[in-house]
Amino acid sequence: MTRNYKPRPWVLILFGLFILWGFGWETIGRRLQTHVDGVIVASRDVPSTGYPRYATEYKVRDTHGDEQVFWAGATDASLPRSMPVGTRIRKQR
């Protein structure tokens, strides 16, 4: 007995939306939306620099004295990881 299997259209639509979200917004979209301008005042590698897929948490102080936290991940190519404290960085949208 042979049965013809037709995938349901809503399953294909959901899968397509997941792919667009995962490869569109999560990789390119966030990189394009990143805005950092200031001096690194604190830096922490998670889990540690020796691991192949570590991330770096930066605390950046802008010219007005406000601080923001920025993460540079293993697959996030917007800024390099392990930059030293005191480094001036500027990345606009």
* Asked: Could you list, in sequence order, the residues of segment 76-87 that are modelled with pLDDT of 85 or more and either within 17 Å of the chain's Cα centre (by Cα) or surrounded by 10 or more Cβ atoms within 10 Å (Cβ to Cβ) (or both)?
  -> 83, 85, 87
* Asked: What is the number of the single condition among (1) assigned to a helix (DSSP H, G or I); (2) at pLDDT 75 or above; (3) β-branched (Val, Ile, Thr); (4) surrounded by 10 or more Cβ atoms within 10 Å (Cβ to Cβ) that residue 11 does not meet?
  -> (4)
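The values are calculated or read from the model by the stated rules, or taken from the named source; none is laboratory data. Here the structure is a predicted model, which means the values were calculated and not measured. Counting neighbours? That spans all protein chains shown, and the Cβs are built from the backbone with ideal geometry, glycine included.
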